[in-house]
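Data first, discussion second: the structure below is written as structure tokens.
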Amino acid sequence: MPVKKPTEGFLLSINSFIKKDLGVVLLSTLKWLLIAALIGAIVGSASALFLVTLNWATNYRESHLWIISFLPVAGFLIGLAYHYWGKDVVKGNNLLIEELQSPKKVIPLIMAPLIFAGTIITHLFGGSAGREGTAVQIGGAFADQFTKLFKLKPRDRKIILICGISAGFASVFGTPLAGAIFGLEVFVVGSLVYTAILPSFLTAIIADYACKVWGVGHTHYSIGIVPQMDAINLLLSLGAGIVFGLVARSFSALNHGFSNLFSKIKYPPLRPVFGGMILIVIIYFLGTTRYIGLGIPVISETFTQQEPYYTFAIKLFLTALTLGCGFKGGEVTPLFFIGATLGSFLSVFIPLPIGLLAGIGFVAVFSGAANTPLACIFMGVELFGVASGMYIALACVAAYLFSGHTGIYRSQAIGSPKHLLLKRHQFLR
């Protein structure tokens, strides 16, 4: 029996790949490029409109501070809208995560206008919230409509939802790489969905580009000096990451605590009414609006000046109260605020540049609270440059580990425990 030469086996393998696998890969790539272009263009444009409207709401509030006195009324309107029209989508980001884990039915499109309007109203009247949750829900709701349009199979529907999440995150922050990883990483702790990696990156990049085509920019931050890498500096960033992780855990616990407390009010529209009253009293006694809304001006100043010890704690409390009582918006930008101001303050004790500590805290608290360390590392590099990458990576991983099996998204499943000594739970607490 003749023996095949090694080169013959290699050529047969190449020939088989060209005839079978290459065609399948090319068709799949073209299919997802088309879908990514559609989703990216729609979600990126929606994010652009959202950012412009949000900027208007913030400017109007700061020029007409009397409007804050109507925060309970605004909360009642949001509560009514969700009680009568949005019961199926009131879970927000958690609904998207649940559908990714166990697909049941297409996300109702009404999620997009409800979260859009709810977030704008929250910011206009003085709530402390972010924007990521809004963009992600808009992205997921729009993207999932293609499930029916293209009659996609269940496995493709998961990819569609991941694309929508990636597109929303990438376009609202101007970080396409972080957005793509966030969509792959967010719904199962300790696991990535590699089957969706190409569609996720394609959609995130296109959505970010679409947002910028409309002329909508994003805030730029600079951490300034990055010290030479050595053992001491790396250990210091690791220690800072532990602190950021504990703070992230505190935020998640307080957020869930307020949600459980206000759930005792049986008529949901009244929950943000009482929460709004408490917020008005606190804002009045604070005598400033620097802790409400997104807090972008405060975040920007943390890179050059030291913040007081209480700044991060006030923002943490106000945001947990705002979202816990039923106002709408995201958690991420407030987490940026909390991390950056805490990092700025920690420069009193940690001998690292204030800008670097603010930048590390900016992404590390988010890493611990959302359980998405890889997305946060990519975000840190995209926002602050590769020079600070090692410090950011260590802090994000430490924050992720020390935040425990908890997080801002209750529906996250645990694919693998953060540490072998930690008890494994099916879902976050």
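The values are calculated or read from the model by the stated rules, or taken from the named source; none is laboratory data. Just so it is clear, the structure is predicted and the values come from calculations on it, not from any experiment. Every residue, glycine among them, receives a Cβ derived from its backbone with ideal geometry; neighbour counts consider all protein chains shown. SASA here: full protein model, heavy atoms, side chains in, ligands and nucleic acids out. Shrake-Rupley method; radii C 1.70, N 1.55, O 1.52, S 1.80 Å.
For the chain, the solvent-accessible area of protein heavy atoms averages 43 Å² per residue (probe radius 1.4 Å; ligands and nucleic acids excluded).
Computed about its Cα centre, the charge dipole of the range 276-429 is approximately 560 debye, with only Lys, Arg, Asp and Glu carrying charge at their Cβ.
Give me the log10 of I(q) over I(0) for the range 346-397 at q = 0.15, 0.23, 0.27 Å⁻¹, as the Debye formula computes it from C-alpha points; what are the numbers? The computed values of log10 I(q)/I(0) come out as -0.34, -0.76, -0.98.
Across the range 291-363, counting alpha-carbon atoms alone, Rg and Dmax equal 12.0, 40 Å. What is the angle, in °, between the Cα long axis of helix 6-16 and the longest principal axis of the Cα atoms in the chain? Nearest 10 is fine, range 0 to 90. Approximately 60 degrees, to the nearest 10. Distance between the C-alpha centres of the range 391-418 and the range 144-169: 26 Å, rounded to the whole angstrom. Inter-label distance, Leu192 to Ala37: 2.7 nm, where each label sits 7 Å from its Cα along the C-beta direction. For the chain, relative contact order (Cα pairs under 8 Å, six or more residues apart, normalised by length) works out to 21 percent.
Seen from every direction in turn and averaged, the convex hull around the alpha carbons of the range 286-409 projects onto 7.6 nm².
Sorted largest first, the spans of the alpha carbon positions of the range 76-189 along the three principal axes are 41, 32, 26 Å.
When the alpha carbon gyration tensor of the range 201-314 is reduced to an equivalent ellipsoid, the three semi-axes, largest first, read 32, 24, 18 Å. Seen from all directions on average, the range 19-59 presents a Cα convex hull projection of 2.9 nm². Expressed as a whole percent, the accessible area of the chain that falls on carbon and sulfur atoms is 70 (1.4 Å probe).
Taken about its Cα centre, the chain carries a charge dipole of roughly 1440 debye when the Cβ of each Lys and Arg holds +1 and the Cβ of each Asp and Glu holds -1. With N counted as the residues of the chain, its alpha-carbon radius of gyration over 2.2 N^0.38 Å works out to 1.02.
Using just its DSSP H runs of length 4 or more, each adding -39500 (n - 2.57), the chain gives a mean residue ellipticity at 222 nm of -22000 deg cm²/dmol after division by all residues.
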